[in-house]
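First the structure, in the form of structure tokens, and then the observations on it.
The numbers here are math on the coordinates, done by the rules we state, and not lab data. It should be emphasised that the depicted structure is a prediction, and the values quoted were computed from it without experimental measurement. No Cβ is skipped: glycine too gets one built from the backbone with ideal geometry, and neighbour counts run over all protein chains shown.
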Amino acid sequence: MPSDPQPISGIWYPEQSNRSVTASLLVRETSMSILADDGAVLASGSFSETIVTDRVGNVPRRVTLANGSVFETSDNAAIDAVVAIIAGKRPGWIHRAERFHPRLVVFALMALIFIVAIYRFALPALVELAVAVTPPVVPEMMAQGTLQALDATAFDTTALSAVEQSRLREGFERLTARSGPGAGKFSLEFRQGGMIGPNAFALPNGTIIITDELVKLADGDSELLLGVLAHEIGHVELEHSLRQFYRSMGAAGLIMLIGGDIGSGAEDILVQGGGLLALSYSRSQEADADRHSVQLMAKAGYDPEAIGRFFMLLETRLRDGSGTNILATHPGTPERRKAVHEYARELRSAH
Ligand SMILES: [Zn+2]
């Protein structure tokens, strides 16, 4: 900050007057004042409203203020200094304002909009792109890794009888034969759930696992179980777990993945499959899989609302207080049962 300039002596000509007054010009932060000899302020104005004549030899300089009054001085050097201050300060003041205020706010807003846009638009688009370019070996690796991890930590060989297994397998094949990708895409695995308890889930390669505990929970209602399997077939057909997996990587991870630079973290998840287990489907994915179950069950000649009976079963179990972690992965069952019922009615009336 340069030291404040000294008052410049000269003559002041008030606006619309022939008078002339000995006065001095005092420059402050962003404005200047004309002072009388006794210190009284005769006129003042901001830099932006002040006009200073250019230097022409030793011709006295005229400083015209906003009110039209004029200050004249032959102290050219002092006026040059004032001009320099005005030139330095006027844009400088504007610059600072732009740099620290509007620009910063605009920048912060743009950054926020950009982040929101990535999650609203770019992330779903990147997820779709990643799904589209995923070679079949990737879901295969993910599925194998996941099943191996589960077999090592939770699962045990099934204790279901051969009759029970083949009854479900038959129904399963009837469903998969009518699915979009066809029967060849899917396989059914029976396991004792252990700590996982009664559950059924789909791996991205089309392997669907059903636990003995879930079969027992159904208490002989194979159609209910087929409704659940049709739901899982829906998750595979709609590539939900791959989508959730990519979604969990975030935009930055996906850009790297699509760019060919597969991070070691993603590689670990692909190989070990642990990450896949930590993912859960979104509510809209669950609703889509529910509708898929209704459709597929109807196509195969089963009760389209069998999946609704599964929800009913879960609700009863919950009310009994015999909680099971299948509820954690299947939330909002009364609403879903209602939605299934409405969708089944919709389908019936469409035919
Ligand atoms: Zn589901």
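Full extension of the chain between A154 and S48 yields a length gain of 30.4 nm, computed as 0.36 nm times the residue separation minus the alpha carbon distance.
Computed over the stretch 22-65, relative contact order equals 26 percent, with contacts defined as Cα pairs under 8 Å that lie 6+ residues apart. When each of the peptides 41-53, 14-26 is scored by the mean number of other C-beta atoms lying within 10 Å of its residues, the order from highest to lowest reads 41-53, 14-26.
Measuring nothing but how far apart in sequence close Cα pairs (under 8 Å, 6+ apart) lie, relative to its length, the stretch 8-100 scores a relative contact order of 25 percent.
Working note: Debye formula, equal point scatterers on the alpha-carbon atoms of the stretch 8-100, no solvent; log10 I(q)/I(0) at q = 0.17, 0.21 Å⁻¹ is -0.70, -1.01. Estimated from the Cβ-Cβ distance and a Förster radius of 35 angstrom, the FRET efficiency linking S166 and M312 is about 0.85. The packing ranking of peptides 225-231, 58-64, highest mean first, is 225-231, 58-64, where packing means the average number of other beta carbon atoms within 10 angstrom of each residue.
As a calculated quantity, the FRET efficiency between A251 and A81 at R0 = 56 Å, using C-beta atoms, amounts to about 0.55. Peptides 194-200, 204-210 ordered by packing proxy, namely the average of other Cβ atoms within 10 Å per residue, highest first: 204-210, 194-200.
Using only alpha carbons, the stretch 103-176 has a radius of gyration to Kirkwood radius ratio (Rg to Rh) of 1.32.
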